[in-house]
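Laboratory data are not the source of any read-out in this text; all were calculated from the coordinates shown. On a predicted model such as this, the values are computed, not experimentally measured, just so you know. Note that we place each Cβ from the backbone using ideal geometry, even for glycine, and neighbour counts take in every protein chain shown.
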Amino acid sequence: MISLPLLMGAPASASGSSGSPQGSIVQIGMIVAVFAVFWLLIIRPQRKKQKDTQKMIEAIKKGDKVTSIGGIRGTVKNVMESSVIVEVDNKGATLEFTKSAIGSVDAASAAPAPSKKANSDESEDSSEKK
């Protein structure tokens, strides 16, 4: 079995450095620091994005407006275990996508539309103020 000090290279010459264990500790510390930066900048954000995407896919329901990773937009008509049926136009044309092919759920379908009664109440209030 190859030991860690052999993998790290030969110690410096006797005239330049004494080859003390402090030098090895510094090298190990640098490796740990590089790994920590790599973790914070690359791995952690990727995992968070992956979890958010998984939650979005699990929350897809009938009637949601979705966009595929290829840019096709439509309305979900049926949700199955591993795929969704999406209506892509008003004439009833449908496509079946795997759930992983859904790129986003449009924000317009997530927010409830204001009711007509609320709009009519606002217009009556504004007409009374005039």
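Here are a few things to note about the model shown:
- Cα shape, region 53-98, gyration tensor, a/c 1.5 rule: prolate
- Taking a Cβ cut-off of under 14 Å around Arg73, the surrounding Lys, Arg, Asp and Glu residues balance to a net charge of -2, with basic ones at +1 and acidic ones at -1.
- For Asp64, residues with placed amide H under 5 Å, excluding near neighbours: Val76
- Extension gain, Ala36 back to Ser83 (0.36 nm per residue minus Cα-Cα distance, nm): 13.1 nm
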